[in-house]
There are 2 protein chains.
Amino acid sequence: MSCQLLDIGEIGLISRLTANMSYTKDIIIGVGDDAAAVKPSVGNLLLITTDMLVEGVHFTLPTITPYQLGWKSMAVNMSDIAAMGGISRWAVIGLGMPAHTPVSFTESLYDGIQAICQRYHTQLVGGDTVSCDKIVINITLTGEVSHENLIQRSGARVGDVIVVTNTIGDAGAGLSAIQHGLNTPSAQTVIKKHLEPIPRLTESRQIVQLLSPTAMIDISDGLSIDLCRLAEASRVGVRIYEDNLPISEAVSIVARELSIKKLYLALSGGEDYELLFTMSLQMVKALDCVDVPLTVIGEIVEFEMGQIMVASAGLENTLEFQGYEHFRALRH
Amino acid sequence: MSCQLLDIGEIGLISRLTANMSYTKDIIIGVGDDAAAVKPSVGNLLLITTDMLVEGVHFTLPTITPYQLGWKSMAVNMSDIAAMGGISRWAVIGLGMPAHTPVSFTESLYDGIQAICQRYHTQLVGGDTVSCDKIVINITLTGEVSHENLIQRSGARVGDVIVVTNTIGDAGAGLSAIQHGLNTPSAQTVIKKHLEPIPRLTESRQIVQLLSPTAMIDISDGLSIDLCRLAEASRVGVRIYEDNLPISEAVSIVARELSIKKLYLALSGGEDYELLFTMSLQMVKALDCVDVPLTVIGEIVEFEMGQIMVASAGLENTLEFQGYEHFRALRH
């Protein structure tokens, strides 16, 4: 029988998980004291973000592997740091698990966390492991950014273009494919996007350096809801051109296979963790300099004009404001 | 009927909770963007600590009021910062709650958090609220400390004296009183200590400035287990004098009322959040300069001598290494 947490206890678990940790020079104290102590760079601002993932709400087992779960828990936080224009630095984890959880599950979860941390030069410096009848993962990630590079949601100006990285709707299509048991090649592609999101940390640096974005947000709850957040914070309106939305071949196929509108997936799917940002029209010629496809999907208009979606036929509609909201099913 | 979270949704909840937030000048971006952005002091180290509290594991309702729950969730983190010699700065909260939770519950929880934050000059700068079938509170707190003032667990030296703030066993006695439904005046006193712990942030500053501690830890899991952690980290042994342990009148009475050994409460009770530290014998004359009672309870000895407890009659025993450990009942 496989070894469970109740066999080794909290102290045994922590010593296993932290056995091979090595720290960079900026870590004065890592795991094992009352708090971690790290050395911030001089002159930078500190960014802090936190995300809680709950079994049965944010993920179901065994739909996601423990490795993917660790990866994703960290990725969603890194995506928030990317959306501020920052670099990812130090993380701590609060981890609730049932006592009968296999030790190997927790080790794989940490492997996933360590893999993405290594890729994005981030250090796990502390945590708290507790018993809980469902798995709950709360990662808090700090980052750093210079004041000049800090990008808020609130800086969009009338006349700016609206740009999105890569394609949208993939993760939402992946979730639908899982829920419907669809396992076609296209389904597998989008399922991977849902389970192993790539935080746009590297691309964010390039976007900030090359395109001078005026406002930025990551797409976590769906394009429409996150775009409305950016517009509300900036006190502007938006006009989106439906035909411009970057929808992948895989999303189109899965949408057809499941008889879902691909536009719905693109607008309300959520969890793409792509960056959505605004910038001056003059910068459009530099879009190709960034190492990820960038697409202009619309423009910033006066606040009074609201959130408008322009369909293929030139028809204008209010942008549907749908996406995931906790404590309710859907917000209308 | 009272308003529940499902009536107002996540977005409605967040706007209620953050309506009256005001920030100090060091907060560049607070709640409402992808991450908070704050301005660290130049030259200091950053401290990071995180604690997850789970309903049914760390607390039960309605034994603790939501206000006390908020207070305590933050206090346990502040205690970790105090144990490093630091000052408390910026916090974020991950909060899981059932959809049928009354909005007033969450508001009182935040009132408790804000009250302790205000008292200790700490700012709540962000969070994540999600649905969860049990209440889960994960606070991550950052602090600052100069390199000179940083106190680790690992610095205790042979010949140092071992000192503890205030009295010990009170919170453990309070928990026992709750579990046995004891409601005498002394029980009420220790129950309050269990539900509303005082983090020793102010006292920590004085201890660091006036007593030059060599090692420090906060008592969260019980004196014996936390003292052993300090001794292990410092590679030293300890000798504790039973008669010197500062046990309050209220603990003695409650122990008698419940037929529990008061020594057991003092050694293994846990959750006192008092500071336990070591310092040079020469500094003992300055103990009175700190604004909380300090008691020398023992001395640091060679590692080979182990963890020894000296009883009244001069009898020496191995210090019982008991305290709370997750995933198991008790560790022996």
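The values are calculated or read from the model by the stated rules, or taken from the named source; none is laboratory data. Fair warning: this is a prediction, and the values are worked out from it, not measured in the lab. Here the Cβ positions follow ideal geometry from the backbone for every residue, glycine too, while neighbour counts run over all protein chains shown. Accessible surface is based on the protein model in full, side chains and every heavy atom, while ligands, DNA and RNA are left aside. Shrake-Rupley method; radii C 1.70, N 1.55, O 1.52, S 1.80 Å.
Each other copy holds its own label point for A:N317; taking that point as 7 Å from Cα along Cα to Cβ, the gaps run 7.6 nm, nearest first. A Cα-only calculation for the protein assembly as shown places Rg and Dmax at 26.4, 94 Å. Calculated accessible area for chain B comes out at 39 Å² per residue, all protein chains present (probe 1.4 Å; ligands, DNA, RNA ignored). Based on alpha-carbon atoms, the Kirkwood radius and the radius of gyration of the stretch B:5-149 give Rg/Rh equal to 0.97.
Copy-to-copy label distances for B:T184, where each label lies 7 Å from Cα along Cα-to-Cβ, are 7.5 nm in order of increasing length.
Here chain B is assigned +1 on the Cβ of each Lys and Arg and -1 on the Cβ of each Asp and Glu. Its dipole about the Cα centre then comes out at about 200 debye.
Please report, to two decimal places, log10 I(q)/I(0) for chain A at q = 0.06, 0.09, 0.14, 0.16 Å⁻¹ as given by the Debye formula with identical point scatterers on the Cα atoms and no solvent. Evaluating at q = 0.06, 0.09, 0.14, 0.16 Å⁻¹ gives log10 I(q)/I(0) of -0.22, -0.50, -1.13, -1.37.
So, with a 1.4 angstrom probe, what is the percent of accessible area on the stretch B:5-149 that is carbon and sulfur? Roughly 52 percent of what the probe reaches on the stretch B:5-149 is carbon or sulfur. For the stretch B:153-331, the relative contact order comes to 39 percent (Cα pairs under 8 Å, sequence separation of at least 6). Put simply, chains A and B cover up around 5600 Å² of each other's accessible surface, both sides summed, when a 1.4 Å probe is used. In a simple Cβ point-charge model (Lys, Arg +1; Asp, Glu -1; nothing else charged), the stretch B:1-149 has a dipole of about 300 debye relative to its Cα centre.
Note on chain B: with a GNM built from Cα contacts shorter than 10 Å, the maximum mean-square fluctuation among B:G314, B:G143, B:G94 falls on B:G314. A simple spin-label model places the labels of A:S104 and A:S259 4.1 nm from each other, with each point 7 Å out along Cα-to-Cβ. What residue among B:A83, B:A35, B:A215 has the largest mean-square fluctuation in a Gaussian network model of chain B, using Cα springs under 10 Å? Between B:A83, B:A35, B:A215, it is B:A35 that shows the largest mean-square fluctuation. In the stretch A:199-254, a dipole from Cβ-located charges (positive for Lys and Arg, negative for Asp and Glu) runs towards its positive end, and of A:V208, A:V254, A:V238 it is A:V208 whose Cα lies farthest in that direction. Relative to the longest principal axis of the Cα atoms of chain A, the long axis of helix A:5-17 makes an angle of roughly 70 degrees.
Across the accessible surface of the stretch B:153-331, with the other protein chains kept in place and a 1.4 Å probe, carbon and sulfur atoms take up 51 percent. With its label point defined 7 Å out from Cα along the Cα-to-Cβ axis, A:Q118 lies at 4.9 nm from the matching points of the other copies, in increasing order.
With each label modelled as a point 7 angstrom along the Cα→C-beta vector, the B:L210-B:V57 pair spans 3.9 nm.
Relative contact order of chain B: 21 percent, from C-alpha pairs under 8 Å at least 6 residues apart in sequence. When restricted to Cα atoms, the stretch A:153-287 yields an Rg and a Dmax of 15.2, 46 Å, respectively. Of the residues A:D288, A:D272, A:D33, the one that moves most in a GNM of chain A with alpha-carbon contacts below 10 Å is A:D33. When the helices of the protein assembly as shown are scored as -39500 (n - 2.57) per DSSP H run of n ≥ 4 and the total is divided over every residue, the value at 222 nm lands at -10000 deg cm²/dmol. Accessible-area rank, largest first, for B:K193, A:K25, A:K72: A:K25, B:K193, A:K72, with all protein chains present and a 1.4 angstrom probe. For chain B, the longest principal axis of the alpha carbon atoms and the long axis of helix B:170-179 meet at an angle near 60°.
Label reach from A:D291 (point 7 Å along Cα→C-beta): in the stretch A:108-122, amide nitrogens under 12 Å belong to A:120.
Contact order, relative form, for the stretch B:5-149: 37 percent (alpha carbon pairs under 8 Å, 6 or more residues apart, mean separation divided by residue count).
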